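**Q** Before I ask anything, let me first share the structure, which is written out below as structure tokens.
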Amino acid sequence: MNPSPSPLPVTVVAPPAEWWQIVSALSPLAVLVAAIVAAVVGLLSLRQKARADNRSEWWRRAQWALDASRSRSRSEAGMGQKAIEILGQSELASREELELLKVGTEDALLAAAKASETPTVTQSQRPASVSPEDRKVQIAAAKARVTLDKRLGEDTPEWLAALARETPG
């Protein structure tokens, strides 16, 4: 039998890693970071587009409501005033757009003020010259104005608040 030599410890000294080896080892992490950044950018873009689409649709409805509020048809004018009130509650509306919606209530409220000829309007003081259909439009316009004033942080005149509390008769 041949005697076997005892094992000798061998130490292999490798040169330090090259820069490109380090970069290539980190490439999966870089891909992951890039994917996350792309996903975040994509989600933000989708969110911004959805908000822009919603605002565009809101404005289309606001245009209809403003047109309807000035209609000669009392039922259409009443629907326009109610739509102004609903649109005024939307978080999509900016301050300027809320101010524009207020313009849609002015004709009906001016007619209510002229018809009453008093700064306080109650149902019992409603002039006989105002038709029930016109009064419904005026009440709807007052309700819309109260909503818009609240959103804008403005005070509503008491006669408008009283008109808004009336029930159409």
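**Q** Where does the chain land at 222 nm, in deg cm²/dmol rounded to the nearest 500, when only DSSP H runs of n ≥ 4 count, each adding -39500 (n - 2.57), divided by all residues?
**A** So the helix-based figure for the chain works out to -24500 deg cm²/dmol.
**Q** Among Gly80, Ser6, Thr105, pick out the residue whose Cα is farthest towards the positive end of the charge dipole of the chain, where Lys and Arg carry +1 and Asp and Glu carry -1 on C-beta, about the Cα centre.
**A** It is Gly80, whose Cα lies furthest towards the positive end.
**Q** Next question, about the same structure. In nm, to one decimal, how far is the Leu110 label point from the Lys49 one, both placed 7 Å along Cα→Cβ?
**A** Once both label points are built, they end up 4.4 nm from each other.
**Q** Oh, and also: If the chain between Glu133 and Val41 were fully stretched, how many nm would it gain, using 0.36 nm times the residue separation less the Cα-Cα distance?
**A** Computed gain between Glu133 and Val41 is 27.9 nm.
**Q** From the list (i) 1.10; (ii) 1.68; (iii) 1.07, can you say which value of Rg/Rh (Cα atoms, Kirkwood Rh) was derived from the structure given?
**A** Answer label, from the structure shown: (ii).
**Q** If you don't mind, another one. Can you return the lysines within cross-link range of Lys136? Criterion is Cα-Cα under 28 Å, with same-chain partners fewer than 8 residues away left out.
**A** Lys82, Lys102, Lys114, Lys150
**Q** Could you tell me the distance between the Cα centroids of the stretch 129-169 and the stretch 20-66, to the nearest Å?
**A** After rounding, the separation between the Cα centres reads 43 Å.
**Q** For the chain, find the longest principal axis of its Cα atoms and tell me its angle to the long axis of helix 19-69, 0 to 90°, nearest 10.
**A** That works out to roughly 10 degrees.
**Q** Taking the Cα atoms only, what angle lies between the long axis of helix 95-116 and the longest principal axis of the chain, rounded to 10 degrees?
**A** 10
**Q** Can you give the angle from 0 to 90° between the axis of helix 74-88 and the longest principal axis of the chain, with both taken from C-alpha atoms, to the nearest 10?
**A** For 74-88 against the chain, the angle is about 40 degrees.
**Q** When the chain is fully extended, how far beyond the present Cα-Cα distance does Leu26 get from Arg70, taking 0.36 nm per residue of separation?
**A** Result: 9.2 nm gained on full extension.
**Q** Could you give the longest part of the chain that holds none of the trypsin sites (Lys or Arg not before Pro) found in DSSP loops with at most 15 neighbouring Cβ atoms within 10 Å?
**A** 73-169
Since every read-out is calculated from the coordinates, none of them should be taken as a lab result. All values derive from a computational prediction rather than experimental measurement. All Cβ positions, even for glycine, are placed from backbone atoms using ideal geometry, and neighbour counts span all protein chains on display.
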